[in-house]
1. Return yes or no: is Leu355 over 25 Å from Ala226 (Cβ atoms) and part of a helix (DSSP H, G or I)?
2. Any chance the stretch 118-126 includes a residue that's more than 14 Å from the chain's Cα centre (by Cα), in contact (Cβ under 8 Å) with a residue 40 or more places away in the chain and crowded, with 24+ Cβ neighbours inside 10 Å?
3. Would a scan of the stretch 296-304 turn up a residue that is over 23 Å from the mean Cα position of the chain (by Cα), touching a residue at least 60 places away in the same chain (Cβ under 8 Å) and assigned to a helix (DSSP H, G or I)?
4. Does the stretch 13-26 hold any residues that are aliphatic (A, V, I, L, M) and either modelled with pLDDT of 95 or more or in contact with a Gly (Cβ under 6 Å, 6 or more places away or on another chain) (or both), and which are they?
5. Given the criterion within 27 Å of Asp257 (Cα to Cα) and touching a Phe, Trp or Tyr at 6+ places or on another chain (Cβ under 6 Å), identify the matching residue among Ala364, Ala294, Ala350.
6. Just give me the residues in the stretch 63-102 being modelled with pLDDT under 85, surrounded by fewer than 20 Cβ atoms within 10 Å (Cβ to Cβ) and part of a helix (DSSP H, G or I), in sequence order.
7. Out of all the residues in the stretch 137-160, which are in a strand (DSSP E or B) and either of a type in the set (A, V, I, L, M) or closer than 19 Å to Arg277 by Cα (or both)?
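The values are calculated or read from the model by the stated rules, or taken from the named source; none is laboratory data. Note that the structure is a prediction, hence the values are computed from the model and not measured. Every residue, glycine among them, receives a Cβ derived from its backbone with ideal geometry; neighbour counts consider all protein chains shown.
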Amino acid sequence: MLIGVGGMSRWLQDRRAHRVVVVADPAVCDTAVARELRAAITWAGATVDVVATPADTAMPGVEVVADHLAGRDVVVSLGGGATLDVVKVAVAMSADPRVRRHFDAAGRSGVIFLRDTTTPVIRHVAVPTTIGTGSERGPRACLVLGGRKRLLFGTALQPDLAVLDPVATATLPAHLVLEGVMENVVRQSGAFIGDVSPDGQRIEDELVLTVIRRAIAVGDRLCAGAADGAMTADDRLEAAKLSAWAQSAEFTSPSRDPFANKGWYLSNELSTMFSARKIAAFAAVIPPWWRRVADGDRRWGSAQRLARLWAEIGSVRAVDADPVQGFRALVDDWGITTMPPISGDDASRAARQCLDAWGRGLPALGTLDHSDIEGVMADLRR
């Protein structure tokens, strides 16, 4: 990982890169970070072309991006999670045609694992202009296949380099900065709570809790800065670092359930079904989810870990003793918009769709059944 776009020049020279293509979100093609990026590539002695991320970031858009990779040494993705993910998948497909056939054969599962034998033939540098997804560091991507959002895993999706620069988030609206910080908090919290193994002192647990504490602290500073119209570059950079670092292998463990974050699967389906922002869906799911955890239903997570998480958050900000009420207050303090409640029919439909993608014999939702999922969907934000 590099801090500062200018550091790319030496990286490109060391790898003798001569032909570079930048795939950029149209909204950032003519921003300061895009200009600095082109200057760094040119200084390294490489040629550079800039193309806009396709409007369709499903498979047709991936194929368009894959065509732009022909004859290139390096591709740079510049944008939010959608741009980074479409480039990740295009890089994997360009390395191995079997990847596309693998997608075509995908069944109902919401998660698809790619062959680890696929070795990309083009290097990928990810420069995020948003905060929260951590896509610039993770071996995963989201892709719409068959009309449904799928979660892809595979080493071929791992970018070769992540470049963080506060200039890249300088034009990001304040509410999206805070949404990004919250996304990192809820993602790490969900994985921590959903792990029902004994609450010991594993180093990966300590790392996760450290990230959450620091993210809460920087989020509060950013919130105060937004109120004054002065979010600092240092705070935006720290938020981006925390999001990126939390995707590192050091934050996972062979002993941890890779499907621990039950709330993510429900939020993913709600976001897709109702065209809601991902964090709005997550913020609505957490209160009924955490209430079930606190009440001792271990299928949803560990009450002991929830209590420990909340004590850690309480060490950096004043919180309600009840994690559910405290989380609602945090969401309100940061101005995070949440999904409104949905009808009983919609709750039942969402539960069916969620189980089709993640349950009924698939590992993500474990033994949770339709009534369990429907109950959470019916209780959004209660």
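1. Values: over 25 Å from Ala226 (Cβ atoms): yes; part of a helix (DSSP H, G or I): yes.
Against the criterion (over 25 Å from Ala226 (Cβ atoms) and part of a helix (DSSP H, G or I)), Leu355 qualifies.
2. Scanning the stretch 118-126, I find at least one residue that is more than 14 Å from the chain's Cα centre (by Cα), in contact (Cβ under 8 Å) with a residue 40 or more places away in the chain and crowded, with 24+ Cβ neighbours inside 10 Å, so the answer is yes.
3. Yes, some residue in the stretch 296-304 is over 23 Å from the mean Cα position of the chain (by Cα), touching a residue at least 60 places away in the same chain (Cβ under 8 Å) and assigned to a helix (DSSP H, G or I).
4. First pass over the stretch 13-26, keeping only residues aliphatic (A, V, I, L, M): 17, 20-24.
The answer is Val20, Val21, Val22, Val23, Ala24.
5. Ala364
6. So in the stretch 63-102, the residues modelled with pLDDT under 85 come out as 95-102.
Of the ones still in play, those that are also surrounded by fewer than 20 Cβ atoms within 10 Å (Cβ to Cβ) are 95-98, 100-102.
Selection gives Ala95, Arg98, Arg100, Arg101, His102.
7. Taking the stretch 137-160 as the starting set, the residues that turn out to be in a strand (DSSP E or B) are 140-145, 148-153.
Those that are in a strand (DSSP E or B) and either of a type in the set (A, V, I, L, M) or closer than 19 Å to Arg277 by Cα (or both): Ala141, Cys142, Leu143, Val144, Leu145, Arg148, Lys149, Arg150, Leu151, Leu152.
Yes/no matrix, rows are residues, columns are (1) more than 17 Å from the chain's Cα centre (by Cα); (2) of a type in the set (D, E, K, R):
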| residue | (1), (2) |
| --- | --- |
| Thr169 | no, no |
| Pro173 | yes, no |
| Ser189 | no, no |
| Arg213 | yes, yes |
| Arg221 | yes, yes |
| Gly229 | yes, no |
| Trp245 | no, no |
